[in-house]
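Peer 1: Submitted below is the structure of interest, expressed as structure tokens.
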Amino acid sequence: MIISFLIKALLEENSVSVAKLGTFYVKKMSAYIQEDIVFPPQNMIEFDYSKEIEGFDFVNKLSKWQQIRIDEAQDKILEWVDLLEKGLEHNKTVYFENFGTFSKDNSDKIVFQSLVIPQLNIENEGLEPVFIPLKKEDDIKPPVKDKRIVLQKKKKKRDLFWFILTISVAVVLLFVLFFKNEIKKCCQTVFTKNEYHVILDTTNNEKDLSINNVEDEQTAEIELPVETITEQNPNLSTNNIEVIKDEKKNDNLISLAIYKELYVPYNKGYFYVIAGSFMQEESALLHIKQKKLEQYHAKLIVHPQSPRIRVCVGIFDNEEEANKIAGQLDKNYWVLK
């Protein structure tokens, strides 16, 4: 009897509490597949065990439905709960038709396994489990490719390639038109540098020829020991030293002709006659060409403490003599210590 009223109460409310037992509530379960069977959605009863539940709402409902006093309704409920607990003491399970099965777990708590109750599943009436044989992976055939789709994909890729190529060419043309002045300046700079290098090569060739001629003419006259030059400039090896000395010039002068490279190494203790100072090598070489400084075997020198490139037309081991020669050549020439 109590079972029928429990179901009636669950139709009105989603949950019903029974004193000294626990709470019953309706749980909606979605459709699911188990093995090869599709089960329809169902409303099942879940149960939470608790001895502290009082359940006054269910007592009031039972009193109203039975037309009895509240204390009588409460006694009937407690009597049913007591019978259920005694039944579980003697049996592992207690089954109620069209409701479900009560049992006890390892912690001695009462648990409930619900049946599918028709009154709670009126909305799902007529839905039965359906058997659907599932296809095995071996039976599944790969989809047939449509040749038209493949051709369309290839056409899209080709169109995309030409679109990207067209955009790239347009961007390059716009870049060239926008920066044409800067590109022209860069080209002029490259051509100028090439011209400077041609001038430098020509100058070096002329210097080599002049040095060879001077060596041939003065070999018999010059008999200075190699040790004298190596002591004055330790950066030169004995194989590369070529002594060119004019009797009319001062003995303190170290000829620039002995240097095979374009740049003269800076050595502290020597005095360098400077004919010009520049930030770029090209400007220094152009200055040598314009001022015809090749006759002095002009070289380039860089001081360790300054990035500027100086044009050197003479090296002396005496400062007074260096200043004298600088003044004789040009009033604007000066001496680097």
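The values are calculated or read from the model by the stated rules, or taken from the named source; none is laboratory data. This one's a predicted model, so the numbers in the text were calculated from it and none came from an experiment. FYI the Cβ positions are ideal-geometry reconstructions off the backbone, even for glycines, and counts take in every protein chain you see.
Peer 1: Is it true that residue 59 is touching a Leu at 6+ places or on another chain (Cβ under 9 Å) and buried (at least 16 other Cβ atoms within 10 Å of the Cβ)?
Peer 2: In short, no.
Peer 1: Still on this structure: Tell me which residues, restricted to the range 1-26, are on the phi > 0 side of the Ramachandran plot and among the small types (Gly, Ala, Ser).
Peer 2: Residue satisfying the conditions is 22 alone.
Peer 1: Report those strands (runs of 3 or more DSSP E) wholly inside the range 49-130 carrying at least 2 residues which are in contact (Cβ under 8 Å) with a residue 24 or more places away in the chain.
Peer 2: In the range 49-130, 110-114 are the strands (runs of 3 or more DSSP E) which contain 2 or more residues that are in contact (Cβ under 8 Å) with a residue 24 or more places away in the chain.
Peer 1: Every residue in the range 277-301 that is under 55 Å from the mean Cα position of the chain (by Cα), in a helix (DSSP H, G or I) and under 17 Å from residue 261 (Cβ atoms), please. Don't jump to the end; show me each part of the working.
Peer 2: Initial filter on the range 277-301 (under 55 Å from the mean Cα position of the chain (by Cα)): 277-290, 298-301.
Going one step further and asking which of them are in a helix (DSSP H, G or I), we end up with 281-290.
Answer for the range 277-301, where residues must be under 55 Å from the mean Cα position of the chain (by Cα), in a helix (DSSP H, G or I) and under 17 Å from residue 261 (Cβ atoms): 281, 284, 285, 288.
Peer 1: Any idea how many residues of the range 1-34 are part of a loop (DSSP other than H, G, I, E, B) and either among the aromatic types (Phe, Trp, Tyr) or surrounded by fewer than 17 Cβ atoms within 10 Å (Cβ to Cβ) (or both)?
Peer 2: 6
Peer 1: Residue check, residue 259 against (1) surrounded by 12 or more Cβ atoms within 10 Å (Cβ to Cβ); (2) out of contact with any helix residue (DSSP H, G or I) (no Cβ under 7 Å at 6 or more places or on another chain); (3) at pLDDT 90 or above, all met but one. Which one?
Peer 2: All conditions are met except number (3).
Peer 1: Return the only residue of 96, 131, 112 being closer than 30 Å to residue 38 by Cα and touching a Ser or Thr at 6+ places or on another chain (Cβ under 9 Å).
Peer 2: Only one candidate passes the filter, namely 112.
Peer 1: Tell me, please, whether a residue that is closer than 30 Å to residue 108 by Cβ and either touching a residue at least 24 places away in the same chain (Cβ under 8 Å) or outside the structural domain of residue 113 (by TED's automatic domain parsing) (or both) can be found in the range 26-36.
Peer 2: Scanning the range 26-36 turns up at least one residue that is closer than 30 Å to residue 108 by Cβ and either touching a residue at least 24 places away in the same chain (Cβ under 8 Å) or outside the structural domain of residue 113 (by TED's automatic domain parsing) (or both).
Peer 1: Please go through the range 302-337 and pick out each residue that is surrounded by fewer than 17 Cβ atoms within 10 Å (Cβ to Cβ) and within 53 Å of the chain's Cα centre (by Cα).
Peer 2: Those that are surrounded by fewer than 17 Cβ atoms within 10 Å (Cβ to Cβ) and within 53 Å of the chain's Cα centre (by Cα): 302, 303, 304, 305, 306, 307, 308.
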